[in-house]
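Encoded as structure tokens, the structure appears first; notes follow it.
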């Protein structure tokens with residue numbers, strides 16, 4: 001549903017929002033939860049625009065936005081109540097926000113005059129988790145990632161028989177999801193060397209990141225009901241970046257027979273801004289074309305509309321900065337750039353499959369794609385793939401080598417939506433620095 005808020009010619013009276021390459025032009029308008037760091041005020045919902053945050057509640061007080069359930073929901077410490085609104089109400093609210101930030105029109109003129117009262121510099125704000133996350137599910141939707149990892153352990157049979165029939169996933173731990181910038185302690189766990197008789201317990205020696213795209217459920221479904229695939233996008237409020245930190249040595253020992261557990265649940269970092277599904281509409285593309293020999297998805301995962309528009313033209317980048325690089329004032333080095341439009345399963349298929357057994361999805365639930373990797377070596381979204389399980393280390397600009405993460409390493413993830421003749425929409429940053437084991 002493309003409308004006037006997507007117009008690539010729109011300009012904001014906030015000049016930083018018009019700068020080429022800006023993450024948050026007026027066509028984006030993502031939601032997040034912020035606190036004015038200098039005032040100690042309670043957290044509330046804001047909208048990122050250029051280098052600033054629009055204080056939605058202040059806009060209502062100034063008469064720039066009409067009082068409404070959507071606007072009222074922005075005077076809270078999470079966006080859950082806003083996410084639960086119907087798509088039509090969210091679209092109308094987005095249109096109001098666009099008018100208030102537009103360089104053209106009387107509402108924009110009045111907003112410009114009230115700039116000092118309705119804007120907060122992003123550098124002067126502290127960001128929180130955007131939502132109260134009740135449940136978190138992580139998928140394994142990149143066939144390139146699954147094939148690479150499978151090749152390390154099963155060279156003759158990389159993909160398990162079910163991979164091309166259903167989106168594989170596991171239930172994660174919502175309590176350890178943290179916002180970007182939160183330090184992450186190296187986890188301890190039980191590991192077993194291949195030549196050892198018994199396992200040992202201690203800090204992980206094979207700590208890794210996973211670059212993923214996450215999406216939040218807006219409106220849920222009742223227990224016992226499903227979400228048809230053609231309705232899935234109506235239940236998705238928006239998208240964020242996800243770093244699913246992983247202790248590979250712990251994972252290797254514990255994952256059979258029930259899958260990821262302590263190797264994954266010690267921390268998951270997400271970006272603070274949620275790019276709405278409406279903002280992403282012009283960046284939807286066809287789903288990945290499957291090989292002629294691949295099975296056709298079963299009916300609950302099959303849709304002509306999803307095949308035409310279920311993909312998303314997003315790119316995810318991973319940067320690394322070691323403590324030595326920071327001491328030398330060196331810029332972080334980019335390790336990978338991966339295309340999300342190469343995912344084997346679409347976000348609609350992931351959500352539809354999750355609810356296909358009657359599982360009740362709830363407002364604020366977070367689903368993540370799994371590691372986003374492409375077909376090229378420099379599009380591998382984790383160190384496990386980039387270094388091929390540590391056998392091909394990455395060399396940093398300082399000459400340091402990395403097979404897996406070391407204490408003091410900072411991982412910075414960035415992501416963008418791109419389309420011809422349209423502004424690039426950014427997700428902001430998802431970053432975390434590794435501290436020694438507690």
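Quick note: the coordinates plus some simple rules give every number you see, no bench work behind them. Everything numeric here is computed off the predicted structure, so don't read it as measured data. All Cβ positions, glycine included, derive from the backbone under ideal geometry; neighbour counts span all protein chains shown.
Values as computed for the structure displayed
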{"item": "For segment 1-151, radius of gyration divided by Kirkwood radius, i.e. Rg to Rh on alpha-carbons", "result": "1.04"}
{"item": "Nearest 10 degrees, 0 to 90: helix 87-101 Cα axis against the chain principal axis", "result": "60 degrees"}
{"item": "Fraction of the pair-distance distribution of segment 61-143 above 20 Å, Cα-Cα pairs, percent", "result": "51 percent"}
{"item": "Calculated [θ] (222 nm, deg cm²/dmol) that DSSP helices of n ≥ 4 give over the chain, each run adding -39,500 (n - 2.57)", "result": "-4500 deg cm²/dmol"}
{"item": "Cβ crowding within 10 Å averaged over residues, with 60-71, 288-299 ranked highest first", "result": "60-71, 288-299"}
{"item": "Normalised alpha carbon radius of gyration of segment 321-406 [divisor 2.2 N^0.38 Å]", "result": "1.48"}
{"item": "Label corresponding to semi-axes √(5λ) of the Cα gyration tensor in Å when calculated from the structure given, among (1) 31, 28, 23; (2) 36, 26, 20; (3) 66, 24, 16", "result": "(2)"}
{"item": "Calculated on alpha-carbon atoms, Rg and Dmax of segment 288-438 in Å", "result": "18.6, 56"}
{"item": "Normalised alpha carbon radius of gyration of segment 98-254 [divisor 2.2 N^0.38 Å]", "result": "1.48"}
{"item": "Relative contact order (percent, whole number), segment 209-257, Cα cutoff 8 Å, 6+ residue spacing", "result": "52 percent"}
{"item": "For peptides 343-352, 300-309, sequence by mean Cβ density within 10 Å, most packed first", "result": "343-352, 300-309"}
{"item": "Within segment 40-66, backbone nitrogen closer than 16 Å to the virtual label 7 Å beyond the Cα of residue 126 toward Cβ", "result": "40-45"}
{"item": "Angle between the chain longest axis and helix 143-153 axis [Cα atoms, degrees, rounded to 10]", "result": "20 degrees"}
{"item": "Calculated FRET value between residue 7 and residue 188, using beta carbons and R₀ = 45 Å, to 0.05", "result": "0.30"}
{"item": "Value of Rg/Rh across segment 102-182 [Cα atoms, Kirkwood radius]", "result": "1.29"}
{"item": "For segment 248-296: rounded, prolate or oblate by the Cα gyration tensor [a/c cutoff 1.5]", "result": "oblate"}
